[in-house]
Amino acid sequence: MNLSVNGVPHNIESAPLTSLLDVLREELQITSAKAGCEQGGCGACTVLIDGEPQRSCLTPVVAVEGAEITTVEGLGTPNDLAPVQQAFTHHYAAQCGFCTSGMMLAAHAYVEHGGTEDREAIQDALGGHVCRCTGYVKIIDAVAAVARGDSFDATLTAAGTRMTNLGGVA
Amino acid sequence: MKAVGARVPRYDGVAHATGRTEFVDDVRVPGTLWVKALRSPSHHADITRLDVSAAVAMKGVRAVITADDVPLLEYGHLSALGIPADEPLLAKGEVRYKGQPIAVVAADDEEIAQAAVDAIGLDLTEKPALFDIRKAFDADAPRIHQWGNWYTHFEGGMDRRQIRKGNIEDAFDKADVIVQGVYRPAAIEHVPLETQVSLVVPEANGRLTIYSCTQALYFSMGVVAAHLQLPLNKLKFVGGTVGGGFGGKVDTATETICALLAQKSGRPVKWRWTREEEFLCSSTRAPWHMEIADAVTKDGWILGRKMLTLHDSGAYSRFSPYGLTKHSFHHTGAYSIPNLEFDGYVVYTNRVPTTAMRGFGVTSVSFATETHLSRIAHELGVDPFELRLKNANRIGDTSPNQIAYTDPSTVPTILAIANALGHKLTPDYRAMTRDPRSGDLLPEHLVAQIGSTEGH
Amino acid sequence: MTSVLLPSSAAEAAALYGDGSNVTVIAGGTIVMPTLAGGRTLPGKALVLTRAGLAGITRSGPRTTIGATTRVQELVGLADPLGGCAANVADGEIRAQGTVGGNIRAGAGADAPRGDLQSAFLALDAVVRSTGAGGERTEPLEQFLDADQRLLLDVSFEEPAAGAFAAIEYPHTHAYTVLAVSGCRAQDGTIRLAATGLAGHGARLRSAEALASDPVAAGVAALDDVAFADDAVASSWYRTKTLPVLVRRVLTQLEESA
Amino acid sequence: MAVHKGRGFAAIEYPTGMNQNGDPSQAWIKVKPDGRIDVFAGTSDIGNGSKTIQSQIVAETIGVPYEWITYDNSNTDSSPVCTGTFASRATFVAGKAAEKAALAVRARILEIAGKELEIDPADLEIVDGEVLAKGAPQKKISVSDVAAAATWTYGELITGTGAQLKPYASIVEPETGKVDLSPHSAISYASCAAEVEVDDETGIITVLRLWQCYDVGKSINPTLVEGQIEGGAMQGLGLGILENCYPYYPSVEHRGGEFGSYLTPGMEDMPQIDTIIIENPSADGPYGAKGIGEMANNAQPPAIASAVFDAVGVWVTELPITPERVLRALEANAEPRRIGKLVIFDEELSINTVGNGPVKLEVLV
């Protein structure tokens, strides 16, 4: 079976019903996609299949033979971060980081498909992804920033929205 | 540039954003075995037969362990604080909750491991189960532990956590109104996106390297060392990067069992719980049952509080006595209530043991007492902000356990929200501060409770 | 050893399916893959429909036919009740993976009802073409849902004059459908109503249909047509209280569209 | 059919550090020959950002750029004891240990710099990686050069350790709960208002807005503080209206074993959140900080419960406030029992009603 991952062709030896997630993590040692539930419920395993976000845990590899798979490794590297990676860093959109890869790929696809900074549209597009740390606020901020085409200062992080600091108060 | 107070980039931000943060499940060691557990299908039963011989004999099975393989079977999460152990690492003789691990298998792959678990012979004799903590004290209640249905080892040999302060009867006599209510927050799953996982690698020098998702490396190392009866230099915990915890990964859920399987098989062993195991078998936030009766005056002073708390510990104690004690220390919330009578029980049920979770012990009491105060405000026809502001703890007021508050910010945080909402307050309330009580804000009932802020 | 069958046409799929014994059908993967632990524990014979040519929406006169492996997401944006019903299924990624056939065919899950689309298709009085023991046959969806396991090929219906959909919009994106009601006014003026979130599979609400001109009475009458189960997302009691509300809301929508 | 709006409010407090203390954290720091700083600590970062926070504290305390810090919490061979990341203690207790270790390192850097500059260390300070004479900043030596001198001239490793341990607070009177010293490292305070919308036919609650105020002592890292508060709001929302392991508690039937049936809040459940931060420094925390990680999910449930009452006039005191509980409460429309000055709510839930044992809440009037 042939599969292209991040532009690199692979000949896959796993059994045909092996999930794409297991093929990536166990056969190809690409570990950014996470086994958050293996039930399709959390989105931590989401990758792009021909540019569309899909749950790799629900996808038998035989069903995507010949497809182009994109994982976070294919978005950018530490020295050359994709806009969505810059935005997630700048906005602290990752806390523990476990849901982040899936979330970013869904966000990347959303923006690539012309998604706007509209909060409800972002919620609709990324709504199936569970994050247990952030409360989603900074994730939505980050996605909106990419959709707007913001540029990001790598030395500083973004102030939260709707935040006020009163300092000391008796 | 100042570092403290600055919005510096996260230390691990780029690693997160490039998918390069290495979690336990991302560590690859050749030859690693899969683990599956035989878990109790019953809520409460005697184990009348446990036969692992067929599993042991299966091709590809490298180790099977039961309670008999654990050097120290019972080690309490709070043994270090003198709280007795009551939970076996693997069930022995009796299962007390559905999902309790009984035997564990390490095998070459997942299918073999599951087949081996299915091949284990298990006979159970069902026993009546207890689920309602309000019925735990009934004479005919099913009995969970030989000593009974609640924890009996609080200081002084007491079977409950008790707080007494001031003169409760006097407060209830003087009250204009007594408002009584019941509050019951639910069990909650922690739901870290990374399920419980560990990988144990036996090293050439006899040490065990334990890759762990624990929230507490040294704490978990102590637990493993105790069960295995090993000195700390035989163990190396590797971790510190956790895919969400929220309290559930203070439990040492998988590490000890993997260590035993690695010892027995001589192979690296990884156990990653399925999401279903995480939902159904991992510990939860506790359900609580709280009853409050507050003695109040018509103008909204809280003179006294009687409170009864039952904490649903599940089948074993884990951190519950600690959580209940913390709960009792905070059962007046952000207010100064001078006369108190609190009784709290850690009650066992035949459900998955409960454990620490974000806000441990206090999330429950915050819900109960704050909802109760809103009720009182409505009952008295007093503004809910003003009721809180006048009773808010001030510098020098004392806690339930008689420690003076040195820097309470109840008043400023309430006023900040009142301002944000545009809530109307009288000028007296608007000008309030957290400074020590005086004048109208130091009525007779609050004089005796004032303490010293020195030396804390 | 698992044999994985990957048919490249509908006819081949039907032939490989045979009478369906010992065949695990995988289309979108959303239902089956979790039961296989990500493909690490395997069934004997798996029929993977990805390339079987069963996807697509075709229209012929007043009739719309939807292929079994059409993704649920493709129904979003269609007229109610189907469009609204599809939009209520899980989240966008799952809708883009899960198929119409799989959704219709899904039995109740362990924790919650499934088969979200059943109410819409029942209200549309849809007809199912399937294969299996005895060969290909076409029958009303209502009958198909009670039949033994068969391979669904497509589902078709006549466009109604108006449609409406209402669901318990429980806050939580990826929850199952707690309870949903679909309604249609057919071209001849007949009102059809159906619900999902019931014990077993979805059902037509014929007692309610008979009282369609009185939405409140119809709502109460709908309770005669259904049985509920307690599950992780809602109790029978709750569904009993809210089915009349949803029926009334759907009928009101249909009235307003007249 | 009617959708009703309501508002509710709650004010809370929460301790920092383990209850009754006795929870040590330790750190050790070594300085590389070019002045870069290696921090070793046993504090797990569970996403809360303790790697970042402790790096910031060390950088600030020594006086070097944040980028100079390497932080290693990866294993128990090289890292000293940390009781763990719980009890809102990672910033306060573990951060304090890091601060103490950094102070020791700073003192050693100043001593060696003093020798190199022939100035009393007491008259030196470190700013942005340079050791400067106070009042005469032209007299200076870089921390890099100090570290090099330590390594190559003095044959010394610049290192420092720090430990934070507040002694165990014993309960000296089991009958009253009186303790012999304050049983916490600090206490934090917060308030929260919620605005909800309730559909009185389906019982469905939508939380529209949350206003929250936290006294955090000091924001070591404001972005991380916001993250704790926002994430806490989400979990508070879950506690308030969604999450339940046992939907029919105390029955154990119908536990949800998957994300579709256990209701963690999703993105579209989140209301608009307005947050106000107060910084009243704690006396003992690093730079005045307090721990607020845990309390961030405590104030929303009671605020939501009161808002639901404000909206539809019923008190739901069992969490989560599900649509079913709202409908049942509306249907029961229960009034409290009134006996003299006693007002008794929720009698049907009380152990006095349900239990037959000796444990009761006795309220004699």
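Derivation of every value follows stated rules applied to the coordinates shown; laboratory data play no part. Keep in mind that what you see is a predicted model, and the values were worked out from it rather than measured. Positions of Cβ are generated from backbone atoms using ideal geometry, with glycine treated the same way; all protein chains shown enter the neighbour counts.
Observations, loosely collected:
- The label point for B:ALA85 and the one for B:LEU421, both projected 7 Å from the Cα toward the Cβ, are 5.0 nm apart.
- Note that segment D:176-259 shows a convex hull volume over its alpha carbon atoms of 217 Å³ per residue.
- Straight-line reach from B:LYS127: taking Cα to Cα under 25 Å and skipping same-chain neighbours fewer than 8 places apart, the lysines in range are B:LYS92, B:LYS98, B:LYS135.
- For D:TRP152 and B:ASN233, a Förster radius of 35 Å and the Cβ-Cβ distance give a FRET efficiency of 0.55, rounded to the nearest 0.05.
- Under a Gaussian network description of chain C, with springs only between Cα atoms under 10 Å, the residue in C:THR70, C:THR177, C:THR58 that fluctuates furthest is C:THR58.
- Centroid-to-centroid separation of segment C:17-62 and segment A:56-90 [C-alpha atoms, Å]: 26 Å
- Couplings 3J(HN,Hα) for segment D:104-111, derived from phi with the Karplus relation 6.51 cos²θ - 1.76 cosθ + 1.60 (θ = phi - 60°), are 5, 5, 4, 4, 5, 4, 5, 4 Hz, where x marks Gly and Pro.
- Residues B:THR369, B:THR274, ranked from the fewest to the most other C-beta atoms within 10 Å, line up as B:THR274, B:THR369.
- Rounded to 5, the percent of DSSP beta bridges in the protein assembly as shown classed as antiparallel: 75 percent
- The Cβ shell under 12 Å around C:LEU54 holds other residues with a net charge of +1, Lys and Arg each +1, Asp and Glu each -1.
- Per principal axis, descending, Cα span of the protein assembly as shown in whole Å: 96, 81, 66
- Net charge of neighbours whose Cβ lies under 12 Å from the Cβ of D:ARG328, counting Lys and Arg as +1 and Asp and Glu as -1: -2
- Basic side chains Lys and Arg get +1 at the Cβ, acidic Asp and Glu get -1 at the Cβ, and with that the dipole of the protein assembly as shown about its Cα centre reaches some 1420 debye.
- Simple spin-label estimate for B:GLU126 and D:THR353 gives 3.0 nm between the two label positions (7 Å along the Cα-to-Cβ direction from each Cα).
- The GNM of chain D, with springs linking C-alpha atoms under 10 angstrom apart, assigns the highest mean-square fluctuation among D:PRO222, D:PRO24, D:PRO250 to D:PRO250.
- Overall Cα dimensions of segment D:113-164 - principal axes, largest extent first, Å: 32, 31, 19
- Per-residue extension of 0.36 nm, minus the Cα-Cα distance of D:SER170 and D:GLU116, leaves a gain of 14.5 nm for this segment.
- Peptide D:67-75 has a mean of 4 when you count, residue by residue, the C-beta atoms of other protein chains within 10 Å of its C-beta.
- Cα centroid separation - segment B:184-254 against segment C:68-103, whole Å: 42 Å
- Residues within the reach of a label modelled at B:ALA204 (point 7 angstrom out along Cα to beta-carbon, backbone nitrogen below 17 Å), restricted to segment D:64-84: there are none.
- Residues of segment D:165-185 with amide N under 19 Å of a point placed 7 Å along Cα→Cβ from B:GLU155: D:166-185
- Hydrodynamic radius of chain B per Kirkwood, over alpha carbon pairs, in Å: 24.7 Å
- Built from the Cα atoms of chain C, the convex hull projects on average onto 13.3 nm², one quarter of its surface area.
- Ranked packing of B:153-166, A:155-168, D:285-298, B:253-266, most packed first, by mean Cβ within 10 Å: D:285-298, B:253-266, B:153-166, A:155-168
- Other protein chain C-beta atoms within 10 Å of residue C-beta, averaged over D:165-176: 4.
- 3J(HN,Hα) couplings calculated from phi for segment B:277-292 with the Karplus curve 6.51 cos²θ - 1.76 cosθ + 1.60 (θ = phi - 60°) are, in sequence order, 4, 4, 5, 9, 10, 7, 5, 10, 5, 6, x, 10, 10, 10, 10, 10 Hz; Gly and Pro show x.
- Remark: A:SER151, D:SER55, C:SER236 ranked as A:SER151, C:SER236, D:SER55, counting other beta-carbon atoms within 10 Å and listing the fewest first.
- Within chain A, all pairs of alpha-carbon atoms sorted by distance into 5 Å bins from zero give the percentages 2, 9, 18, 21, 18, 13, 9, 5, 3, 1, 1, 1, 0, 0.
- Under 5 Å, built H, 5+ apart or other chain: amide partners of D:THR70: D:ILE37, D:ASP38, D:VAL39
- Ranking B:GLY243, A:LEU81, B:LEU340 by Cα position along the charge dipole of the protein assembly as shown, where only Lys, Arg, Asp and Glu carry charges on their C-beta atoms, puts B:LEU340 farthest toward the positive end.
- Take each residue of peptide B:222-233, count the partner chain Cβ atoms within 10 Å of its Cβ, and average: the result is 0.
- Under 9 Å, Cβ to Cβ, from B:ARG62 - net charge with Lys/Arg +1 and Asp/Glu -1: +1
- Using alpha carbons only: equivalent-ellipsoid semi-axes of segment D:21-164, gyration tensor based, whole Å: 29, 14, 12
- For segment A:83-148, the equivalent ellipsoid derived from the Cα gyration tensor has semi-axes of 16, 12, 10 Å, listed largest first.
- Estimated translational D of chain D in µm²/s (Stokes, Kirkwood radius over Cα pairs; 10 °C; 1.306 mPa s): 66 µm²/s
- Length gained on full extension, B:GLU454 to B:ASP428, computed as 0.36 nm times the residue gap minus the Cα-Cα distance: 6.5 nm.
- Point-to-point label distance, A:THR164-A:THR116, nm (Cα→Cβ direction, 7 Å offset): 3.0 nm
- Neighbour-count order for C:VAL76, B:VAL411, fewest beta carbons within 10 angstrom listed first: C:VAL76, B:VAL411
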